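What follows is one structure encoded as structure tokens, with my remarks underneath.
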Amino acid sequence: MNTFVRAAQLADAEAIATVHVAAWRWAYDGLMPASLLEGLDTADRTKQWQRQLCSGDSGVFVAEQDGTIVGFVSCGPCRDGSGNAEIYALYLDRSVQGRGVGRALWQHAADWLRAGDYEQVQVWVLDTNTLARGFYETAGLKADGRSKTSQWAGAPLNEVSYSGPLT
């Protein structure tokens, strides 16, 4: 199947939300409480993505196969005020995991960020998500020693930071 990456449009919000919710459910199965994952709501996520796509504060790109969105990435200025770039989210439909779609999204985001004069990028990853950690390590990022814990729907989320040059 041919995959192409393009800038997301407002009309993509529901498809992005569908991938987002499904990806959390498969990628975080066993890593987060089942009740948290079951409680995810596509309609709520659609509204969040509509707001983000309208804000213009970030780059959002989708991977499409045969007219169906199978993954997305969002990126922009680092939320810590460091002046670096940040990957806010990168998620895939389970059917395309391991088939280069994530790498294509990563590369598209990196190109977009470099065009915005960013040289360094950061991403926060669930500490127990070995799949995502391996992906970012393969992309050239390294765990930088920073961590944070936040509460999401009553469950603690322990995240670690990866950073490195935009290559």
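Just checking, which of Ala43, Ala34, Ala89, Ala17 is touching a residue at least 60 places away in the same chain (Cβ under 8 Å) and either under 19 Å from Trp152 (Cα atoms) or under 13 Å from the mean Cα position of the chain (by Cα) (or both)?
Just one listed residue meets the conditions, Ala89.
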Leading residue by the ranking (surrounded by the most Cβ atoms within 10 Å (Cβ to Cβ)) among those in segment 90-100 that are of a type in the set (D, E, K, R) and closer than 17 Å to Ala15 by Cβ
Asp93
May I ask you to verify whether Ala104 is in contact (Cβ under 8 Å) with a residue 40 or more places away in the chain and closer than 18 Å to Ala153 by Cβ?
no
Inside segment 101-138, can you point out the residues that are of a type in the set (Val, Ile, Thr) and either assigned to a loop (DSSP other than H, G, I, E, B) or crowded, with 18+ Cβ neighbours inside 10 Å (or both)?
Val101, Val121, Val123, Val125, Thr128
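Are any of the residues in segment 139-153 aromatic (Phe, Trp, Tyr), in contact (Cβ under 8 Å) with a residue 24 or more places away in the chain and out of contact with any helix residue (DSSP H, G or I) (no Cβ under 9 Å at 6 or more places or on another chain)?
Taking every residue of segment 139-153 in turn, none turns out to be aromatic (Phe, Trp, Tyr), in contact (Cβ under 8 Å) with a residue 24 or more places away in the chain and out of contact with any helix residue (DSSP H, G or I) (no Cβ under 9 Å at 6 or more places or on another chain).
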Among (1) at pLDDT below 95; (2) closer than 25 Å to Ser147 by Cα; (3) not small (Gly, Ala, Ser), where does Phe72 come up short?
(1)
From the set of residues in segment 13-40 that are of a type outside the set (A, V, I, L, M) and surrounded by 12 or more Cβ atoms within 10 Å (Cβ to Cβ), which is modelled with the lowest pLDDT?
Pro33
Identify, please: which residue in segment 54-73 is free of Cβ contacts under 8 Å to residues at least 60 places away in the same chain and part of a strand (DSSP E or B) and is, among those, surrounded by the fewest Cβ atoms within 10 Å (Cβ to Cβ)?
Thr68
Over segment 139-156, the set of residues of a type outside the set (Gly, Ala, Ser) and surrounded by 10 or more Cβ atoms within 10 Å (Cβ to Cβ) is Leu141, Lys142, Asp144, Arg146, Lys148, Trp152, Pro156
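Which of the residues spanning segment 9-30 are among the polar types (S, T, N, Q) and touching a Lys or Arg at 6+ places or on another chain (Cβ under 9 Å)?
Thr18
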A careful count of residues in segment 117-126 that are without any contact (Cβ under 8 Å) to a residue 40 or more places away in the chain and farther than 15 Å from Tyr162 by Cβ gives 1
Could you list, in sequence order, the residues of segment 137-159 that are under 20 Å from Trp26 (Cα atoms) and either of a type in the set (Asp, Glu) or at pLDDT 95 or above (or both)?
Glu159
Single residue of segment 20-31 satisfying the filter (free of Cβ contacts under 8 Å to residues at least 60 places away in the same chain and part of a helix (DSSP H, G or I)) that is nearest to Leu131 (Cα to Cα)
Arg25
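The values are calculated or read from the model by the stated rules, or taken from the named source; none is laboratory data. None of the values given here were measured: they were computed from a predicted structure. With ideal geometry, Cβ positions are generated from the backbone for all residues, glycine too; neighbour counts draw on all protein chains shown.
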